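A.B. asks: The structure's right below; bear with me while I get my questions together.
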């Protein structure tokens, strides 16, 4: 037996249930692509491994080994190929301005060519040495410097502004003061070229 008004109540409940189900479906329809977008953005925002703090203790490693351990794998490989591991593994102290792997990928093709065609050449060795100076200069020391002489006997200009420090005006830093047994490593965002001065 259907009581008066029960049909309206039943219809009202059915409408409410239908609305709730529709809202739930809409919520999940929006949630799935949003979750995928967040996951993709998180993946894309992950930094170059060398653009974060050194993952291991490099303070007991000489410069060539410390570079690789700190994530500058491509630059470390060039140092080895140029047969400069012994030179840069000496007591020093040295400061290295180490390009990240991403910086290596972006360097000019002509630079890649002479580094790969003849990595032991005088030209290749001078290119590597331009990324080193013969002193242990931390970030606080760089702030007080204007010009330093690289191991390649070419000057490096240090530009200090309230916002940042740069080398030869065009090369920025992404990490500072990674300690090696025989010096200091600073991470830079592009390879150095004496012609940039």
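The values are calculated or read from the model by the stated rules, or taken from the named source; none is laboratory data. Quantities reported herein were computed from a predicted structural model and do not represent experimental measurements. Note that we place each Cβ from the backbone using ideal geometry, even for glycine, and neighbour counts take in every protein chain shown.
A.B. asks: Take the conditions closer than 17 Å to residue 181 by Cβ, free of Cβ contacts under 8 Å to residues at least 60 places away in the same chain, in contact with a strand residue (DSSP E or B) (Cβ under 6 Å, 6 or more places away or on another chain) and in the same structural domain as residue 181 (by TED's automatic domain parsing) and apply them to residue 137. Does it pass?
C.D. replies: Values: closer than 17 Å to residue 181 by Cβ: yes; free of Cβ contacts under 8 Å to residues at least 60 places away in the same chain: yes; in contact with a strand residue (DSSP E or B) (Cβ under 6 Å, 6 or more places away or on another chain): yes; in the same structural domain as residue 181 (by TED's automatic domain parsing): yes.
Criteria met by residue 137.
A.B. asks: Considering only the range 143-177, state which residues are within 19 Å of residue 92 (Cα to Cα) and within 20 Å of the chain's Cα centre (by Cα). Show your work before the answer.
C.D. replies: Taking the range 143-177 and keeping what is within 19 Å of residue 92 (Cα to Cα), we get 148-156, 176-177.
Of everything in the range 143-177, those that are within 19 Å of residue 92 (Cα to Cα) and within 20 Å of the chain's Cα centre (by Cα) turn out to be 176, 177.
A.B. asks: Moving on to the next point. Quick one: which of 142, 84, 67 is in contact (Cβ under 8 Å) with a residue 40 or more places away in the chain and out of contact with any helix residue (DSSP H, G or I) (no Cβ under 8 Å at 6 or more places or on another chain)?
C.D. replies: Numbers: 84 fails: out of contact with any helix residue (DSSP H, G or I) (no Cβ under 8 Å at 6 or more places or on another chain); 67 fails: out of contact with any helix residue (DSSP H, G or I) (no Cβ under 8 Å at 6 or more places or on another chain).
One residue alone meets the criteria, 142.
A.B. asks: I need the full set of residues from the range 178-197 which are more than 19 Å from the chain's Cα centre (by Cα) and more than 26 Å from residue 123 (Cα to Cα), in order please.
C.D. replies: 181 - this is the single residue of the range 178-197 that is more than 19 Å from the chain's Cα centre (by Cα) and more than 26 Å from residue 123 (Cα to Cα).
A.B. asks: Give the residue that is modelled with the lowest pLDDT, with candidates limited to residues of the range 75-94 that are crowded, with 20+ Cβ neighbours inside 10 Å and part of a helix (DSSP H, G or I). Walk me through how you get there before you give the answer.
C.D. replies: Within the range 75-94, the subset crowded, with 20+ Cβ neighbours inside 10 Å is 75-76, 78-79, 82, 84, 88, 92, 94.
Checking which are part of a helix (DSSP H, G or I) leaves us with 75-76, 78-79, 88.
Working: 75: 95, 76: 95, 78: 94, 79: 94, 88: 91.
It comes out as 88.
A.B. asks: Here's something else I'd like to know. If you go through the range 167-189 one residue at a time, how many are outside any strand (DSSP E or B), without any contact (Cβ under 8 Å) to a residue 60 or more places away in the chain and surrounded by fewer than 17 Cβ atoms within 10 Å (Cβ to Cβ)?
C.D. replies: In the first step, residues of the range 167-189 are kept if they are outside any strand (DSSP E or B); the result is 168-170, 181-182, 189.
The next check asks that each one be without any contact (Cβ under 8 Å) to a residue 60 or more places away in the chain; those that pass are 168-170.
Those still in the list that are surrounded by fewer than 17 Cβ atoms within 10 Å (Cβ to Cβ) too: 169-170.
The qualifying residues number 2.
A.B. asks: Can you tell me which of 113, 164 is without any contact (Cβ under 8 Å) to a residue 40 or more places away in the chain, out of contact with any helix residue (DSSP H, G or I) (no Cβ under 6 Å at 6 or more places or on another chain) and more than 21 Å from residue 72 (Cα to Cα)? Please lay out each step first, then the result.
C.D. replies: Working: 113 fails: more than 21 Å from residue 72 (Cα to Cα).
Sole residue among the options that is without any contact (Cβ under 8 Å) to a residue 40 or more places away in the chain, out of contact with any helix residue (DSSP H, G or I) (no Cβ under 6 Å at 6 or more places or on another chain) and more than 21 Å from residue 72 (Cα to Cα): 164.
A.B. asks: Here are some residues: 192, 156. Which one is buried (at least 16 other Cβ atoms within 10 Å of the Cβ) and assigned to a loop (DSSP other than H, G, I, E, B)? Let's see the steps before the verdict.
C.D. replies: Details: 156 fails: assigned to a loop (DSSP other than H, G, I, E, B).
On inspection, the qualifying residue turns out to be 192.
A.B. asks: Further, regarding this structure: Taking into account only those residues within the range 95-120 that are crowded, with 18+ Cβ neighbours inside 10 Å and either in contact with a strand residue (DSSP E or B) (Cβ under 6 Å, 6 or more places away or on another chain) or outside any helix (DSSP H, G or I) (or both), which is modelled with the lowest pLDDT?
C.D. replies: So, considering only residues that are crowded, with 18+ Cβ neighbours inside 10 Å and either in contact with a strand residue (DSSP E or B) (Cβ under 6 Å, 6 or more places away or on another chain) or outside any helix (DSSP H, G or I) (or both), the one modelled with the lowest pLDDT is 119.
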